[in-house]
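The values are calculated or read from the model by the stated rules, or taken from the named source; none is laboratory data. Quick caveat: nothing in here was measured; it's all calculated off a predicted structure. Glycine gets a Cβ as well: all are built from the backbone with ideal geometry, and neighbour counts include every protein chain shown. With ligands, DNA and RNA removed, areas are computed over all heavy atoms of the protein, side chains included. Shrake-Rupley method; radii C 1.70, N 1.55, O 1.52, S 1.80 Å.
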Amino acid sequence: MQLRHNLKTRITVCLTLLSIAVVLLLGIFQLRLIRSEMTEGLANQQFSLISKVADDIDQKLLLNEALLGSAGALLSRQLARGPVDYTAFLVERPALATIFDYVFVFSPEGRIVGDYPHKPERIGVDISDRPYFTDTISTGKPVVSQPYLARQVLTPQVMITMPVHDAQGKIVAVLGGSFNLLNRNMLGTLGETRVGKTGHLYLMTQDGVVVAHPDKRRIMKKVRVDPSQPDGVMNKALTGFEGSVEGDNAPGVPVLASFKHLKVVNWITVAILPAEEALEPIRLAQWRLLMSILVASVVIAVGVWLLLRWLLSPLMRLRDGIERQQAQPHSFEPIVLPGDDEVSAVAHAFNALMVERARTLGALHAEKERLLITLHSIGDPVITTDANGWIEYLNPAAERLTGWRMSDAHGASFDIVFNLISEETDQPVVSPIEQALKANRPVSMHTQCLLRRRDGTMVAIDDSAAPIHDANGKVVGVVLVMQDVTRQRQLANKAKWEAYHDALTGLSNRRDFEEQLASAVVRSQQRNIPSALLLIDLDHFKPVNDLGGHAAGDALLMQIAALMPRFVRDRDVVARLGGDEFAILLNHCEVAKAAGVAQKVRIAIAALEFEWEGRSYWVSASIGIAQVGSDLDHISETLRQADEACYDAKAAGRNCVVIYEGTPLPLLNAAGSEESSPH
């Protein structure tokens, strides 16, 4: 009886059954290991086969080179004694004809000077552009050419060239011998060699051109390579792989492929065995084991299911009781299980937990109601989100500020409801909610921001955000508090504007102008960027004030202030320094160009007819120009130079332009013709 009521015993029985499955898994692992070892052995055998084939081809090519080298050494000695009849020389070497189909002697310039079998029409033919000849001349070493098709027999041929040197090491001739690669004493039997029942061998170049193959139609054609499979077996071979590998060939057939590179020439011997044949014994054994495992698994599964159903029936009754409680969360019915085993103890603990849960939920509900009343009463807008930034709550003040109702915003992403724009750059800024979530600390906005409300209007705000933590310190959300500071920011912007602008004309005032001039001096000193200063003093302005009154003088000053910006660029600065004194800072400007601007300003002011209460007035301007140069340490020196030049313009008769330490510029009337100098 005790055995049936002990949960530990039940689990032990189940684990015993599971151990059977572990044994079966180990059997599968062992089968995989056997498969791997058998495949590796088969691959080694296949690679050993093509290695022997590759060595045999290397030896044949070396033998051909050696035979050609012996003939070359003899030719060198005969050439040292005098002229040689090259065709006769080749005829006297019948051993060459046993190996090569055609034998040639080439001059160092690349012309055929002797051949065997002899064909008179070939003498003098130029082959200097053939790669095997140019490689031989450039390296001074024997060269085995890439396979090529002979025109007469359309079979793959190879040319072996051997340089012939004189006593000083100079190439005096080149011996060449070509032969049919498919001769039986060379590669003729390669295509007849079988690997297993359905496998085969073939030979290809490093470029993938097939040299020998059981299928004659594929000779001198490139192997099929699937460009979408860079790890395909052929792609590996063509990129230098040597050994055996399992994979799919270009048609998609699984194969066991082995590759061996020749040493004498950059060719590859290939052995292909279809995986279906290679792995047939392994697949048969694997299938038998898998069927045994399947039958055993079904039997064990049924037995374990029946056993667990009986053993876990009390636990199922506990589950049913918990599900009933979930379906009726506001009522509680205790779960009663017979016996005193572990499941019964869990049921008693669950009953006690539910009682405590009901008490805690009541307290939390009361606390939540107090918090909601508090948030509704707060005058500042408040938004809360969860840990993912989804909106959970907006108080009424936040609804009014953002234009979003709580019912619409709940569950939305914070960056939709709380869309911040930089007041300076008009670009989106990172929300303090996102910053608080990432940094896990309170954050405040350090830049002036605008909140884009739901209706598209903008409102200036200050805000701060802080993460909300649970009892374990985990971030569960963020609380954001905002303030509408539109009125305060408008007043601050107005005060800032008035601090840097002339109240009458709207131009920059002396304070702003001197700061801009100081920046120009720094640019000139640090980066050698010149600027020019124009100091403008109105002539005959006093009569306007005396006869028309200060209102007339102010009106004239505003007309002149509106006139001067027409002649400068956006990056230049026009300022009223006080009274009837103006200044223009031409950034990135030489004095010569500044003089042209000054003349335009002077002419425009002189052409201005000012009418006030039926009476016309004319004024002119005396303009002094100073270079803002790197040799000036302070703006006061630049202002002094411009003021001195302006004084000289006054002394020269007014209505003229003077460059510091220069002479007055010619006066121009409105049409652009010169006036007589006031001097």
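Observations on the structure shown:
- Annotation: amide H of S508 within the under-5 Å range of D502, V574, R576, sequence separation 5 or more or interchain, hydrogens built in the peptide plane.
- Per residue, segment 387-533 exposes 55 Å² of accessible surface when a 1.4 Å probe is rolled over the protein heavy atoms with every protein chain present.
- Average accessible surface for segment 202-251: 53 Å² per residue, computed with a 1.4 Å probe over protein heavy atoms with every protein chain in place.
- Portion, in percent, of the accessible area of segment 534-608 that falls on carbon or sulfur, probe 1.4 Å: 55
- Residue by residue, segment 83-98 carries 3J(HN,Hα) couplings of x, 10, 7, 5, 5, 4, 4, 6, 4, 6, 10, x, 4, 5, 5, 6 Hz when phi is fed to the Karplus relation 6.51 cos²θ - 1.76 cosθ + 1.60 (θ = phi - 60°); x denotes Gly or Pro.
- Rounded to the nearest 20, the size of the Cβ-charge dipole of segment 28-164 about its Cα centre is 60 debye, with Lys and Arg at +1 and Asp and Glu at -1.
- Of the residues V481, V459, L507, the one whose Cα sits farthest toward the positive end of the charge dipole of segment 459-511, with +1 on the Cβ of Lys and Arg and -1 on the Cβ of Asp and Glu, is L507.
- Taking 27 Å as the straight-line reach from the Cα of K216, the lysines in range (excluding those fewer than 8 positions away in the same chain) are K52, K60, K197, K236, K260, K263.
- For segment 32-85, the solvent-accessible area of protein heavy atoms averages 58 Å² per residue (probe radius 1.4 Å; ligands and nucleic acids excluded).
- The protection proxy used here, the mean number of other Cβ atoms lying within 10 Å of each residue, ranks peptides 131-140, 411-420 as follows, highest first: 411-420, 131-140.
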